Amino acid sequence: MPLSPLSPSAELAADRTQPYLWTMNFGPQHPAMHTTLRLVLTLDGETVIDAVPDIGYLHSGFEKLAEHLDYNQYVAVTDRMNYVSPLANNVAWHCAVEKLLGIETPRRCQYIRVIVAELSRITDHLLALGAMGLDTGAFTHFIYAYSAREDLYDIFEAICGARLTTSYTRVGGLKLDLSPTALQMIRDFLRRFPRTLEDMARLLHQNRIFVDRTRGIGVLSKEDAINLSCSGPVARASGVTRDLRRDEPYLAYGDFDFDVCCDRRGDCFARYLVRMDEMRESVKIVQQAIENLPAGPVNLGDQARSILPQKTAVYTTIEGLITHFELVMSNRGIKVPCEEVYAATEAPNGELGFYLVGDGGPRAYRARCRPPSFIHFAAFPHLIRGHTVSDVVAVLGSLNIIAAELDR
C-alpha cells in the first residue's frame, strides 16, 4: 500500500495494528540524536509508518522561572534555551522587555546586538551543518565547522567574558561595550571565514553520498510549511520568503544590505543550502555593522529608574549605589506597565518570540516563549513518513532540533 509522505490515511492508521508492524525507540540516548530527544517509530521493515516525538527529557521550567526572576536576572536563563546560540536568545529576551517598557536602546547598542546575533547565527548553522554532515558520514566537514566555531567562542569570550553562558544583554543596553581586541578578532574572523565556507561547500556540494542521502528526503511543501507554522531556514527552504529582519525590522537591521536566502525544493539538501547561504549573508551584515559602528554609549541613562547604572558609578558614587540597590530590591525594582506584548526576532532556527505580561512589578506576571525547535519537531512526523530508518538522522539534522527549547 503506498504511503503518504505527509499524513497517514485512515487505512494506514488501521494497518498500524497489524502484527507485521513493530515499534522502535529512537533515543533518547541514540548517538545520532545529539541531545535528549526521543522518537517512537512504527516500522514496516525499514519503512517508517509513523513517528511520535516524545519530549520532556530536558525540562527546566524556563517559563515559570520568569515569574520569579527580574527582567535582568532572567537573561541567564535564556542562555540555557538554545545553548548553541545563547547571544541570540539574550537579544530576543531584552528586545521583548524593552518593548514592554517602551524604551529604545542607543544606536551603538543596536549595532552591537546585530553583530552578536549574526555571529550567533553562524555558530548555530555551523553546528547544524557539521552535525548533519557527520550523521551522513562526512567527518572532515564536521572538523571544518567546529574549527570555525572555536574561533567564534574565543570572540564571545573577548566580548563578554564567557564562551557559552554569555548573559550579555541588559534592560536598555549591554553588559559591556566592544573592546578594541574584540573588534579586531571579529575583523580577522570575517577575513578568514569565507575561505572556510568554500572548503565546506567543496566537501559536500558534490559529495555523492551526502547528496543521495539528503536530496528528495524529508520534503516539506510551501503550503505545509505555512500550515505547520514553520519559520527560519526550514520555511525558507520550502519557498516561504519570510524573514523578520527584512519584513518586520528590529534593532538596526533596516540599515544593512543583505539578501533573504530561499529555496523551493523543501528537502534536507535545500535546508543545508539555505543555511550555507545565510552564513555568507551574516558575514555581509557583520562587516557593514563593524565598519559603520556608531559612537556613543551602549546603555541608556536612568530612564524612569528602570536601567541599571554603570558599575563604575555603582562603585564610586553614592547615587549610583542607591540606584542599583533600589532596582534590585524585591520590594522596589523595575516598574513596568500593566500591559502585554509579543516581540520576536529572527533567531538562527526561526522566529524566537516572547509573550510578556506585566503587572507593575519588577518581574513578569507571565512569560511565554515561542521557540522554533518546538514547532519544527512537531512537524517531524509529517516529513519522515514513508522514508526509511536511515533517513531519520538526515531529517533531524536538517531541522536542527535543540531539546532545551522544547521543554520550557
By the C-alpha gyration tensor axes a ≥ b ≥ c (rounded if a/c is under 1.5, else prolate when a/b exceeds b/c, else oblate), the shape of the stretch 271-408 is oblate
Ranked on Cβ counts within 10 Å of their own Cβ, fewest leading, 282, 60 go 60, 282
When 20, 74 are ranked with the fewest other C-beta atoms within 10 Å first, the list becomes 20, 74
Long-range alpha-carbon pairs in the stretch 133-211, meaning those over 22 Å apart, account in percent for 41 percent
Sorted largest first, the C-alpha extents of the chain along its principal axes in whole angstrom are 77, 46, 34
Full extension between residue 139 and residue 322 adds, at 0.36 nm per residue less the Cα distance, a length in nm of 60.3 nm
For residue 64, counting only aspartates and glutamates whose alpha-carbon sits under 13 Å away and dropping same-chain residues fewer than eight positions off, the answer is 407
For the stretch 323-408, the dipole about the Cα centre with charges only on Cβ (Lys and Arg +1, Asp and Glu -1), to the nearest 20 debye, works out at 200 debye
For 190, 220, ascending order of other Cβ atoms within 10 Å (fewest first) is 190, 220
Listed by chain and number, the lysines with an alpha carbon less than 19 angstrom from that of residue 335, same-chain partners under 8 positions apart left out, are 99
The summed charge of the residue 190 Cβ neighbourhood (under 12 Å; Lys/Arg +1, Asp/Glu -1) stands at +2
By the mean-Cβ-within-10 Å protection proxy, highest first, 309-318, 127-136 rank as 127-136, 309-318
To the nearest 20 debye, the stretch 62-406 has a Cα-centred charge dipole, built from +1 on Lys and Arg Cβ and -1 on Asp and Glu Cβ, of 280 debye
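No lab work stands behind these numbers, since they all come straight from the coordinates. Since the model is a prediction, treat every value here as computed from it, not as a measurement. Cβ atoms come from the backbone with ideal geometry, glycine included; neighbour counts cover every protein chain shown.
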